[in-house]
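The structure under discussion appears below in the form of structure tokens.
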Amino acid sequence: MDSLIAASARALAAGDILGALKRVALRDDPPALALRGIAMAQLGEHPRARELLRLAARGFGANEELARARCVVAEAEVALAARDLGGSPRTLTAALATLEAHGDHANALQARLIAVRKLLLLGRLDEAEAALAPLDARGLPPSLAAVAELAAAELALRSLRIVPARVALARAHEAAGHAGVPALLAEVAEARATLDRPAARRLCADGEQMLRLDEVAALLASDALVIDACRRGLGTGAAWQSLARRPVLFALARALAEAWPGDVGRVALIARAFGTRHPNESHRARLRVEIGRLRALVTELAQIEATAQGFALKPLAERAVAVLAPPIDGDQAALAALLADGAAWSTSALALALGDSQRTVQRALAEMEAAGRVRSIGQTRMRRWLSPPLAGFTTILLLPTTLQME
Amino acid sequence: MSQKTSKDKPQATAHMAEIVREYGPFAGAASIAGVTHDGQRVWAATGARLIAFDPESGEPTRALDCPCDAGTAFDGSHLYQIAEQRIDKIDPASGKVLASIPAPGHGNDSGLAWAEGSLWVGQHRDRKIHQIDPATGAIIRTIESNRFVTGVTWVDGELWHGTWEGDESEIRRVDPNSGAVLERLEMPPGVNVSGLESDGAGLFYCGGGGSGKVRAVRRPKAAGS
């Protein structure tokens, strides 16, 4: 490494971005291009940063593949920060192989974490979990450890595993403290705050009660039969029946659960499920059919008994019934609740789950997107909707580890 | 590995470098940019601090706070240190910068050595070694190498330079007139040379780049050359 590159890298590591740029501003050799790219990325100039890093990668010679791989990783991280998720994962995989072959463990982990975060942002949670599981964050730079723990916490929160989420967030907090990066600490604090915010309402005969995420998890793990209007399904403990694609059946189940232990009249059920206040004989016949379907689906959890007025829900083994609803009413809250699982939903799947028209759902999504409460990826029929990540993934922070070009 | 050296003069004999001892990493020094030897102590440039250690015990004995981004040299009474685009002449007792001259590579400079009244400056990716006037910085002549130059030293009339290109690192003796490679010491894989100085006798001291280490490498006997 020559003297100005060393001086520039030293300035960058000390946070003096402009000082670093000043020293290499007029140089076009690959190490200088890489430093300029990293400095530009830290200034938030993502497109220029990517251009410089790509030029740097191309400029390194055939026998400098380690330096080239580090540039590829840095560029992938800038792409992630710019939320450009369209790139092929193959380049990053090749760079990762190079880094591992050369024993550059910190930057190899960095490359893996970029892949994990990208999968999280794309809503491909199973793949993200599989990619994250084998990572060993011990003995690595604290900033990388913090990001690994944040990703683990995000995955745990999405599947309502509150205790592992808390543990991961505590570790992330500790690692971010060691790293001394304020933006990372802020991100951990933000993710922790989601644990204390109301996540859902429990509806009871005598009113409603706000629940935090851990209370939701406790309720779902309890013995009660839970009719969950957030995720559109019902279950007891591990037994879970999704009704996300059966909006009529879900409307019936929810109406019965809200009236429990009482019954619900046929007219009221028809109004809830079919949206008509003037039922005729065909509605009654259809109600019988739908109740029959619901009965068949929930036979492991509850019985549905006919009464003089209509029908009543009778959970097996004398269980209590609880109704869980999004924290506020309305289309947007229902959408946000559905997207809270972190997976990527198509507009049609959301419309089907909510029993609304695609047009209605699209309108609500457009408003939410404008407010930053949902994200979309892809175009036209490939478009998928996701909730914003719990951890913001301010990625630029990690770039300085790629600095040790030699 | 020897196949890759077809560009070299066929006379260049290659040996594995024999690493005698490792020093460091030293507290607060993430990497080593340059090394020199003042007869008693080894000095290592670590970015913002020039540290000296006793090669017998390996214990740090002195430290000077000064920018030190690349090569270091010693002329018998003063230290010379490349910092950004200049070469500082430093009083080792006080750490005071007595004079500065522009570096010939305008910041592309890497290794530094003192010999025969001149400073010898490696120019890293340009694969050059300049002989310059230590008073003015004027270039007296230039030797072309065919590898990146990361360290330069003179011993017993022999000019040696360290190279580190990609993953390959060597200590090479070159003909000071033609630049022809005369002898090559190959470092083990993953062990790199970021600064070079002879102790005037049987050892080379090599900066280990990002490993933060300084390594002592045995100098081959002059026999046969």
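The values are calculated or read from the model by the stated rules, or taken from the named source; none is laboratory data. Since the model is a prediction, treat every value here as computed from it, not as a measurement. Cβ coordinates were reconstructed from backbone atoms using ideal geometry, including for glycine residues, and neighbour counts include every protein chain displayed. We work out accessible area using only protein heavy atoms, side chains counted, and drop any ligands, DNA or RNA first. Shrake-Rupley method; radii C 1.70, N 1.55, O 1.52, S 1.80 Å.
Can you report the number of residues in the range A:241-254 which are of a type outside the set (D, E, K, R), in contact with a Leu (Cβ under 8 Å, 6 or more places away or on another chain) and either open to solvent by 10 Å² or more (accessible area, probe 1.4 Å) or not in a helix (DSSP H, G or I) (or both)?
4
Exactly one of these conditions fails for A:P31: (1) assigned to a helix (DSSP H, G or I); (2) within 10 Å of chain B (Cβ to nearest Cβ); (3) out of contact with any Lys or Arg (no Cβ under 9 Å at 6 or more places or on another chain). Give me its number.
(3)
Answer yes if at least one residue in the range B:159-174 is open to solvent by 20 Å² or more (accessible area, probe 1.4 Å), within 12 Å of B:K128 (Cα to Cα) and assigned to a loop (DSSP other than H, G, I, E, B), and no otherwise.
No; the residues of the range B:159-174 include none that is open to solvent by 20 Å² or more (accessible area, probe 1.4 Å), within 12 Å of B:K128 (Cα to Cα) and assigned to a loop (DSSP other than H, G, I, E, B).
Out of everything in the range A:263-302 that is free of Cβ contacts under 8 Å to residues at least 12 places away in the same chain and under 38 Å from the mean Cα position of the chain (by Cα), what residue ends up being surrounded by the most Cβ atoms within 10 Å (Cβ to Cβ)?
Selected residue: A:A271.
Could you go through the range A:90-102 and let me know if any residue there is within 14 Å of chain B (Cβ to nearest Cβ), outside any helix (DSSP H, G or I) and surrounded by fewer than 22 Cβ atoms within 10 Å (Cβ to Cβ).
So far as the range A:90-102 goes, yes, one or more of its residues are within 14 Å of chain B (Cβ to nearest Cβ), outside any helix (DSSP H, G or I) and surrounded by fewer than 22 Cβ atoms within 10 Å (Cβ to Cβ).
Counting only residues that are away from chain B (no Cβ under 12 Å) and either open to solvent by 20 Å² or more (accessible area, probe 1.4 Å) or touching a residue at least 60 places away in the same chain (Cβ under 8 Å) (or both), how many does the range A:45-59 have?
Residues that pass the stated criteria total 9.
Tell me the residue from A:L140, A:L109 that is of a type in the set (A, V, I, L, M) and open to solvent by less than 30 Å² (accessible area, probe 1.4 Å), please.
Answer to the selection: A:L109.
Return the residue satisfying two criteria in turn: it lies in the range B:175-225 and is assigned to a loop (DSSP other than H, G, I, E, B) and of a type in the set (K, R), and of such residues it is surrounded by the fewest Cβ atoms within 10 Å (Cβ to Cβ).
Applying the filter and picking the extreme gives B:K221.
When residues of the range B:192-218 are filtered for being basic (K, R) and closer than 14 Å to B:E170 by Cβ, how many remain?
1
Across the range B:101-114, what is the number of residues that are open to solvent by 70 Å² or more (accessible area, probe 1.4 Å) and within 13 Å of another protein chain (Cβ to nearest Cβ)?
Matching residues across the range B:101-114 total 2.
When B:A14 is evaluated against the numbered criteria (1) assigned to a loop (DSSP other than H, G, I, E, B); (2) touching a helix residue (DSSP H, G or I) at 6+ places or on another chain (Cβ under 7 Å), which criterion, by number, is the only one it fails?
For B:A14, the failing item is (1).
Can you say whether A:A62 is free of Cβ contacts under 8 Å to residues at least 40 places away in the same chain and open to solvent by less than 30 Å² (accessible area, probe 1.4 Å), as far as the supplied structure shows?
Taking the combined requirement at face value, the residue does not satisfy it.
Quick check: anything in the range B:74-90 open to solvent by 10 Å² or more (accessible area, probe 1.4 Å), away from chain A (no Cβ under 14 Å), touching a Phe, Trp or Tyr at 6+ places or on another chain (Cβ under 9 Å) and of a type in the set (D, E)?
yes
Check off (1) within 19 Å of B:G209 (Cβ to Cβ); (2) touching an Asp or Glu at 6+ places or on another chain (Cβ under 9 Å); (3) open to solvent by less than 10 Å² (accessible area, probe 1.4 Å) for B:A48 and give me the number that stays unchecked.
(3)
Collect the residues in the range A:14-44 that are exposed (fewer than 15 other Cβ atoms within 10 Å of the Cβ) and farther than 22 Å from B:R125 by Cβ, keeping them in residue-number order.
Hits for the range A:14-44 are A:A14, A:G15, A:L18, A:L43, A:G44.
Go through the range A:260-358 and tell me which helices (runs of 4 or more DSSP H), entirely inside it, have 3 or more residues that are of a type in the set (D, E).
none
Only one of (1) in a helix (DSSP H, G or I); (2) facing chain B (nearest Cβ under 8 Å) is not met by A:A69, so which one is it?
The number of the failed condition is (2).
Restricting attention to the range B:117-145, and to residues there that are outside any strand (DSSP E or B) and of a type in the set (D, E), which single residue is nearest to the other protein chains (Cβ to nearest Cβ)?
Applying the filter and picking the extreme gives B:D126.
Would you say A:L203 is part of a strand (DSSP E or B) and not small (G, A, S)?
yes
For the range A:303-313: of the residues being of a type outside the set (S, T, N, Q) and over 26 Å from A:G237 (Cβ atoms), which is least open to solvent (accessible area, probe 1.4 Å)?
Step by step, filter the range A:303-313, then rank; the result is A:G310.
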